[in-house]
Every structure is written in structure tokens, then in C-alpha cells.
1. Could you tell me which of the residues 108, 73 is touching a Cys at 6+ places or on another chain (Cβ under 6 Å), at pLDDT 95 or above and within 21 Å of residue 45 (Cα to Cα)?
2. Taking the stretch 147-157 as the region of interest, how many residues are open to solvent by 10 Å² or more (accessible area, probe 1.4 Å) and modelled with pLDDT under 95?
3. Considering every residue within the stretch 113-129, establish whether at least one is of a type in the set (Lys, Arg), more than 17 Å from residue 74 (Cβ to Cβ) and touching a residue at least 60 places away in the same chain (Cβ under 8 Å).
4. Does at least one position in the stretch 114-125 carry a residue that is in a helix (DSSP H, G or I) and open to solvent by 50 Å² or more (accessible area, probe 1.4 Å)?
5. Which residue pairs have Cβ atoms closer than 7 Å, lie 6 or more positions apart in sequence or on different chains, and pair a first residue in the stretch 171-183 that is closer than 17 Å to residue 132 by Cβ with a second residue that is part of a strand (DSSP E or B)?
6. Please report, ordered by residue number, the strands (runs of 3 or more DSSP E) entirely within the stretch 176-240 with at least 3 residues that are open to solvent by less than 90 Å² (accessible area, probe 1.4 Å), under 30 Å from residue 142 (Cα atoms) and at pLDDT below 90.
Amino acid sequence: MASSCRRPEHMAPPEIVSMISRMIEIQSQMSERAVELLNLPEDQPCFLLDVGCGSGLSGDYLSEEGHCWVGVDISTAMLDVALDREVEGDLVLGDMGEGLPFRPGTFDGCISISALQWLCNADKKTHSPPKRLYTFFSTLYSSLSRGARAVFQLYPENSEQLELITSQAMKAGFSGGMVVDYPNSTKAKKFFLCLFAGFSGTLPKGLVSETVDRDVPNQVQFTGQRSRFKNMKGKSAKKGKDWVLEKKERRRRQGREVRADTKYTARQRRPHF
């Protein structure tokens, strides 16, 4: 897991580092996978938290899926970009290592893309990574409704860092563990920390490559590149044939039954308060 190049979190604190060569499509794909792992009720709008939301790219996907969301980020500059982009979610400026300022049971789930590993750094003399991780996880646990999930896509530096993160999450009350997609690929491998709040769920299986792991039993098979269709406003083309087929395929990857005549109705948005 170690890398020969300098990692972004080693160059500067997160409020200084902007979007470093991060492709929008990759961000969208990781957000899609994180939402899959949340295992949300089908065709039901949920109220979600996006930790380390940045400019709102993950939030765009949440909005496309019909969910309402709140984004938290430490960078004023990135939140300004999100405001300029007129994202549909509400935005909160805050350092997740200092805890989340939400009432108990507020959210139906939480996602975070490429942000959690920042808490493992001591960017200030007063920073203690174990304490900051525990503060974050304990306040997140409180903010989630019982039975909700939190899914973090992260880039762990080594096994010790993974142990530090997971131990503080369990100490805060979560159960769960690490889901690894494409474990035999050096480029496509992705780590997702999947946490359960208030219950002990079955940890989802990671995706594998058909060409490399076709004969591995009890593994979710990946059928190729995810194609997402956008209209002129940058939103997914919903309710068409491609959208329905993509949604059915997502249900199959989650192990759910899909009927040949399954229809998907439009979601009603939950109003903001």
C-alpha cells in the first residue's frame, strides 16, 4: 500500500490542497460504489451526510439519485466552488477531527470519498490522530440513525494506518470492516471502510475482475465499465431504458432479486428545513 510518490496529505494540510488532478468521472464512480455499499432502501429518498464534500462532486451523484444531503468540508475555497456550482445540498464549514455539529439520529447514512486518511496526520502540534479519529467517529455515530451505515473510500498508507482507523471506529461504537474492490489490481484496487451504526450487519463483498478472478467462488462479479449518461445540464438521463438497466444491474450486485418487469418510479425529494 506504500507509494513511492508524495501523497497529497503529506504535502500540506487539507485546507491548502485543492483538487489535485482528480478526475470527475472517477469521483462519481467512487461515490456510486459508496452509495451501493450503504444499501439504502430502494426508490426512497434519504437524508445523507457527505464528509469531506469538497466542491460537491459526490453530492451531485446523491442529488441525481434523489437524495437530500449535507456536505462538510474544512476548506473554505472548496466550499466556495461548490456554491458557485450551485449544488443542491447544504454546506457546512468544519474540521471533522473536531467533531460533527449535528443532532442525534439526523442522517440515514454517510459517505466520504478520499478524506478519512487526513485525520491520520498531525498537521498541528495540538493534533493527536487517535483522539481526532475517535472524536470524529463518536460524533458521527451519534449523528446517524440506528441501523444506518457509513462508507468511507480511503487511500490507506499502510496496515498500521488501517488498524488505527478501524480501532477508533470500533471504540466509538461502530461495527463493520474493510471492503476491498479489485484486490489483485495495483491500479484499480479501492478500499472502502463500511461501518454499521447500532447493529452488526453482514459485510458486503468486494468487486473483482472477471478476467482475473472469474473462478473465485462467493465473489461479486464485475461486468465491465459503468456507463453513465448525462444530459446537457450534467445530470443522469433518468427513467430511460439505460437508466433502468443500470439500476437493475446495481440491485443484482447488491444480491437483491430483480424481476424482468421491474419498474422504477420517480422519487419524491425530502424538503429542506
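The values are calculated or read from the model by the stated rules, or taken from the named source; none is laboratory data. Since this is a predicted model, take the numbers as computed values, not measurements. All Cβ positions, even for glycine, are placed from backbone atoms using ideal geometry, and neighbour counts span all protein chains on display. Each accessible area value is taken on the protein alone, full model and side chains, heavy atoms only, with ligands, DNA and RNA left out. Shrake-Rupley method; radii C 1.70, N 1.55, O 1.52, S 1.80 Å.
1. From the options 108, 73, the qualifying one is 108.
2. From the stretch 147-157, those open to solvent by 10 Å² or more (accessible area, probe 1.4 Å) are 147, 149, 155, 157; that's our starting set.
Narrowing further to those that are modelled with pLDDT under 95: 147, 155, 157.
Here the count works out to 3.
3. To start, the set of residues in the stretch 113-129 that are of a type in the set (Lys, Arg) comprises 124-125.
Then drop every residue that is not more than 17 Å from residue 74 (Cβ to Cβ), which leaves 125.
Now narrow it down to the ones that are touching a residue at least 60 places away in the same chain (Cβ under 8 Å): none.
There is no residue in the stretch 113-129 that is of a type in the set (Lys, Arg), more than 17 Å from residue 74 (Cβ to Cβ) and touching a residue at least 60 places away in the same chain (Cβ under 8 Å).
4. Taking the stretch 114-125 first, the residues in a helix (DSSP H, G or I) are 116-120.
Filter once more, so that each one left must be open to solvent by 50 Å² or more (accessible area, probe 1.4 Å): none.
Checking the stretch 114-125: not a single residue is in a helix (DSSP H, G or I) and open to solvent by 50 Å² or more (accessible area, probe 1.4 Å).
5. Hits for this filter: 174/195; 174/196.
6. Working: elements: 190-196, 207-209, 220-222.
Ranges flagged: none.
Residue-by-condition table, conditions (1) at pLDDT below 95; (2) part of a loop (DSSP other than H, G, I, E, B):
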{"site": "18", "(1), (2)": "yes, yes"}
{"site": "33", "(1), (2)": "no, no"}
{"site": "43", "(1), (2)": "yes, yes"}
{"site": "48", "(1), (2)": "no, no"}
{"site": "63", "(1), (2)": "no, no"}
{"site": "79", "(1), (2)": "no, no"}
{"site": "83", "(1), (2)": "no, no"}
{"site": "102", "(1), (2)": "no, yes"}
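Conditions (1) without any contact (Cβ under 8 Å) to a residue 60 or more places away in the chain; (2) among the acidic types (Asp, Glu); (3) touching a helix residue (DSSP H, G or I) at 6+ places or on another chain (Cβ under 9 Å); (4) within 28 Å of residue 189 (Cα to Cα), marked per residue:
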position: 49; (1), (2), (3), (4): no, no, yes, yes
position: 56; (1), (2), (3), (4): yes, no, yes, yes
position: 59; (1), (2), (3), (4): yes, no, yes, yes
position: 72; (1), (2), (3), (4): yes, no, yes, yes
position: 102; (1), (2), (3), (4): yes, no, yes, no
